[in-house]
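To start, the structure itself, in structure tokens.
The values are calculated or read from the model by the stated rules, or taken from the named source; none is laboratory data. Not measured: the values here are computed from a predicted model. Here Cβ is always computed from backbone atoms with ideal geometry, including for glycine, and neighbour counts include all displayed protein chains.
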């Protein structure tokens, strides 16, 4: 049997562990900015980048592009940039325009250490919980330890810039996934739940 005769069958498979809102790789402006970022990294050039933040606010910064990262799970690229002795991340899809500037001496730039934080989780393996958690957090550096028949402790490292995204993912598992430490992360969870509850419009009871 030839593979071509089964083309329709193979077209029905999808990557279920990926988000559906990946970067728009066919967008001309995205392609242009992506090429400019690569050139800036290879040639040690500064850049002026104009982009929208996660709140929609517009930003314009002069920075040194340091590294380009790709998340296979989210299907998104982001760049790490240094500015004023700080290291920040900018999602490629949020960049509206960019401009190459003068060259700089890479040896004179001190790259700040990544702001890695640690999160300890307790997983109650119900409804294939372990499999779903490992898929959901596949791009994080982590260590998994079995404590009981259906109980696991998961310790993962994450960048502080990814904290909000990580918080949303942890909450999506409900009581199956329990945050052990740090206490500050647990407080962030409480705050977000309270905010969501206060914004919920409950249906009125019929009289």
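Observations on the model:
- One residue stands out among those in segment 48-64 that are more than 13 Å from residue 96 (Cα to Cα) and not in a loop (DSSP other than H, G, I, E, B): the one that is farthest from the chain's Cα centre (by Cα), which is 62.
- When residue 108 is tested against (1) within 28 Å of residue 189 (Cα to Cα); (2) surrounded by fewer than 16 Cβ atoms within 10 Å (Cβ to Cβ); (3) modelled with pLDDT under 85, exactly one condition is not met: (1).
- One residue from 99, 87 being farther than 20 Å from residue 191 by Cα, part of a strand (DSSP E or B), outside the structural domain of residue 194 (by TED's automatic domain parsing) and modelled with pLDDT under 80: 87
- Residue in segment 111-118 that is assigned to a strand (DSSP E or B) and modelled with pLDDT under 90 present: yes
- Some residue of segment 136-151 being under 29 Å from residue 89 (Cβ atoms), assigned to a helix (DSSP H, G or I) and at pLDDT below 85: yes
- In the condition set (1) farther than 26 Å from residue 164 by Cα; (2) touching a residue at least 12 places away in the same chain (Cβ under 8 Å); (3) surrounded by 12 or more Cβ atoms within 10 Å (Cβ to Cβ), residue 64 is compliant with all but (1).
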